[in-house]
Amino acid sequence: MIVADARAKAASDNPPAMATAASLSDVFPLGSRLSEHGRLLLGGCDAIELAREFGTPCYVVAEDDLRARARSFMAAAREAGKGELEVVFAAKAFPCTAVLALFAAEGLSCDVASGGELHLALNAGFAPERIVFHGNAKSGAELELALRRRVGLIVVDNFDEIDRLAGLMAEGAEAQQVLVRVTPDVRGQTHEKISTGQADSKFGFAMAQVGEAIARIEATQGLLLMGVHAHIGSQLLGLEPFRREVAELAGLGDFPVWNLGGGLGVRYTEDQPAPPTIEEYVGALLQAARAHGIAGRRLLIEPGRALSANAGVTLYTVESVKQNVSRWVAVDGGMSDNLRPMLYGAVYEAHVADRFGGATECMLVGKHCESGDVIVAGARLADPRPGDVIVTPATGAYGYAMANNYNGVPRPPVLFCADGRARVVVRRESFEELTARDVS
């Protein structure tokens, strides 16, 4: 583990009112503020010093923010659900050992969607029985690994998977608990590429197929049907779709386990509406469960971005600034470290890390050979210049998860910051590692 002291000189100062955390929106990690010199502090660490010490691009995570959000979910579950609600982190949001280990230590469970994520979760300390294994195209090898490691629940997505599991169950083996994934034909207001609950979806069984799926599972030796699972989409900012989801599922039967999925959205820019609070979200689900007669069972929820997105930021360095029709500000990262804007139009904000409150409208773009490599269109930056450190907040979900090597760019490191100290939890990829797997 690499540790460096990035304590800001101004961290112990009492900044004037105009330079306090009130100057920052809540898209930044909890505890973030500006020093009296206008420099961004993350977990007590100076963002400019982090960039100098560790290089850019880099993912910076406020460790206390992750813990606070985990504890808020757990507290809301205990208070509203009297112990009946289980909080399961969706590993796909931030499949990093340090992040997973933190959530395991805080008492969360974990959902995984591949053999690789299962390996990460086990390595991070999640007990197998606290792991839920998802996926619409699980291979035989992945299912065999899940069975061998005795994961708590396998979510069955399709009839082929039932047949595959039947062929893998050894004679006399302990029964494997499973859930049936259901597509309840409930849509939330979100981008079509992260909507999953509509009738025509690649995930799960249509409502008309659920009865047959249940019958096939119950007839399969070694499989123990525990209940149903549904996930209606991600980045949902209203509660009504979750209530409708519960209503649709409740008519499917009487089961000991109900997995209601995740999808609670977050705020990516200051001008976006605030999402429901954790307490409002948990309360709405439990109220709906009680209204439809499934309270008192084992209820699971699977937050992902709601736990990690606003805990993280990405730091870049400006490489060039030019004026064509637009003002183009190019940084040393882009679609290799944050694919979401290019994949489904995700919107972010950006700031010069020591000059907030910018007025110059810019196209903040990456270094990659694609015209679509635009991180923030219409970013308002304060007189950006080469060498400036740029920060994009709310990148703690799906940035690291989707990082790639386009144009041969090594993947960035992940830093945890707390109490003015920074530690590397994932080191920067090297050029040598880009060829480490080559065999000729």
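Taking the range 322-336 as the range and being under 32 Å from the mean Cα position of the chain (by Cα) and of a type in the set (Val, Ile, Thr) as the test, the residues that pass are 329, 331.
Could you tell me whether any residue of the range 251-269 is more than 30 Å from residue 206 (Cα to Cα), assigned to a loop (DSSP other than H, G, I, E, B) and in contact with a Cys (Cβ under 8 Å, 6 or more places away or on another chain)? Taking every residue of the range 251-269 in turn, none turns out to be more than 30 Å from residue 206 (Cα to Cα), assigned to a loop (DSSP other than H, G, I, E, B) and in contact with a Cys (Cβ under 8 Å, 6 or more places away or on another chain). Tell me which residues, restricted to the range 135-175, are without any contact (Cβ under 8 Å) to a residue 60 or more places away in the chain, of a type outside the set (A, V, I, L, M, F, W, C) and within 30 Å of residue 244 (Cα to Cα). Once the filter is applied, which keeps residues that are without any contact (Cβ under 8 Å) to a residue 60 or more places away in the chain, of a type outside the set (A, V, I, L, M, F, W, C) and within 30 Å of residue 244 (Cα to Cα), the range 135-175 yields 135, 138, 152, 157, 158, 160, 161. Residues being surrounded by fewer than 19 Cβ atoms within 10 Å (Cβ to Cβ) and within 22 Å of residue 263 (Cα to Cα) are represented in the range 134-152 by at least one member. Could you pull out every one of the strands (runs of 3 or more DSSP E) wholly within the range 347-423 that has 1 or more residues that are without any contact (Cβ under 8 Å) to a residue 40 or more places away in the chain and under 14 Å from residue 333 (Cα atoms)? Here the list reads 360-365, 374-381. Report yes if residue 124 is aliphatic (A, V, I, L, M) and surrounded by fewer than 24 Cβ atoms within 10 Å (Cβ to Cβ), otherwise no. Taking the combined requirement at face value, the residue satisfies it. Which of the following residues is in contact with a Gly (Cβ under 6 Å, 6 or more places away or on another chain), surrounded by 24 or more Cβ atoms within 10 Å (Cβ to Cβ) and under 16 Å from residue 130 (Cα atoms): 62, 90? The unique qualifying residue is 90. Test of understanding: among 283, 261, 233, which residue is in contact (Cβ under 8 Å) with a residue 12 or more places away in the chain and in contact with a strand residue (DSSP E or B) (Cβ under 6 Å, 6 or more places away or on another chain)? Just one listed residue meets the conditions, 233.
Does residue 86 count as modelled with pLDDT of 90 or more and either among the aliphatic types (A, V, I, L, M) or assigned to a strand (DSSP E or B) (or both)? So residue 86 passes the test.
Given the structure, is residue 284 more than 23 Å from the chain's Cα centre (by Cα), closer than 30 Å to residue 78 by Cβ, surrounded by fewer than 21 Cβ atoms within 10 Å (Cβ to Cβ) and among the hydrophobic types (A, V, I, L, M, F, W, C)? No: the conditions fail for residue 284.
For residue 362, only one of the following conditions fails: (1) open to solvent by less than 10 Å² (accessible area, probe 1.4 Å); (2) closer than 24 Å to residue 53 by Cβ; (3) of a type outside the set (Gly, Ala, Ser). What is its number? Result: residue 362 fails condition (2) only.
Scanning the range 304-327 for residues that are surrounded by 17 or more Cβ atoms within 10 Å (Cβ to Cβ) and assigned to a strand (DSSP E or B) yields 312, 313, 314, 315, 316, 317, 318, 321.
Would you check if residue 247 is open to solvent by 10 Å² or more (accessible area, probe 1.4 Å) and in a helix (DSSP H, G or I)?
Yes, satisfied.
Taking the range 31-68 as the range and being within 16 Å of residue 414 (Cα to Cα) and of a type in the set (Lys, Arg) as the test, only 52 passes. Of all residues in the range 289-303, which are open to solvent by 10 Å² or more (accessible area, probe 1.4 Å) and either under 28 Å from residue 235 (Cβ atoms) or modelled with pLDDT of 95 or more (or both)? Those that are open to solvent by 10 Å² or more (accessible area, probe 1.4 Å) and either under 28 Å from residue 235 (Cβ atoms) or modelled with pLDDT of 95 or more (or both): 290, 291, 292, 295, 297, 298, 302. Scoring residue 117 on the criteria (1) touching a strand residue (DSSP E or B) at 6+ places or on another chain (Cβ under 8 Å); (2) within 19 Å of residue 402 (Cβ to Cβ); (3) not aromatic (Phe, Trp, Tyr) leaves a single failure, condition (1).
No other residue among 340, 385 is of a type outside the set (A, V, I, L, M) and over 24 Å from the mean Cα position of the chain (by Cα) apart from 385. Is it true that some residue in the range 106-124 is more than 26 Å from residue 299 (Cα to Cα) and either under 15 Å from the mean Cα position of the chain (by Cα) or not in a helix (DSSP H, G or I) (or both)? No.
The values are calculated or read from the model by the stated rules, or taken from the named source; none is laboratory data. A quick note: this is a predicted structure, and the numbers were derived from the prediction, not measured. Cβ atoms come from the backbone with ideal geometry, glycine included; neighbour counts cover every protein chain shown. Remember, those area values only see protein heavy atoms, side chains included, never the ligands or the DNA or RNA. Shrake-Rupley method; radii C 1.70, N 1.55, O 1.52, S 1.80 Å.
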